[in-house]
Amino acid sequence: MAADDAGARKRRRLSRSGEFDRVYREGSSHATRYLVLYSFPRSDEDDGEVRLGVSASRKVGGAVERNRVKRVLRESFWSLADRLPAGHDFVLVARPPIGELVEREGAAGARSCVEAALAEAGGERST
């Protein structure tokens, strides 16, 4: 069962540079102090899944810190999955101050950051 879960999760990620490039070029961006959210509505694909890509440069910190930030951002993003519009690709680009935020406030701080970016983007589905 765990293998099925991992496979399902993999499909919900952007993994190729071309997928990231399409979201950067053709999507819209919304910035906060801690991250930049790019969103791109996919119309050419019939699966309504939301996909996420996360990017953190070396300015965020060393490999351990970057991976921690990316993991926390992914968890925060997917905890808000019920509010996301179907059929969209999202890319979260971590800005350098987010490392301190995650260290100081943990997942709650990252979640509020992702919520703020989604609200600014208008990417929330009304519930």
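Could you state the angle between the C-alpha long axis of helix 2-11 and the longest principal axis of the C-alpha atoms of the chain, as a value from 0 to 90 degrees rounded to the nearest 10?
80
With +1 on the Cβ of every Lys and Arg and -1 on the Cβ of every Asp and Glu, and nothing else charged, how large is the dipole of segment 27-119 about its Cα centre, in debye rounded to the nearest 20?
Dipole about the Cα centre, nearest 20: 580 debye.
Lys/Arg Cβ at +1, Asp/Glu Cβ at -1, dipole of the chain taken about the Cα centre: which of Val23, Gly106, Pro41 is farthest positive-ward?
Farthest towards the positive pole: Gly106.
Which entry in (i) 14.0, 44; (ii) 14.1, 41; (iii) 16.9, 51 is this structure's computed Rg and Dmax of the Cα atoms in Å?
For Rg and Dmax of the Cα atoms in Å, the calculated option is (ii).
What are the ³J(HN,Hα) couplings of segment 19-24, residue after residue, when phi is run through the Karplus curve with 6.51, -1.76, 1.60 and θ = phi - 60°? Round to Hz, x for glycine and proline.
Each residue of segment 19-24 in turn: 5, 4, 4, 5, 5, 4 Hz.
Read-outs: derived from the displayed coordinates by stated rules, not from any lab. These numbers were taken from a predicted model, which means no experiment stands behind them. Every residue, glycine as well, gets a Cβ built from its backbone with ideal geometry; the counts of neighbours run over all protein chains shown.
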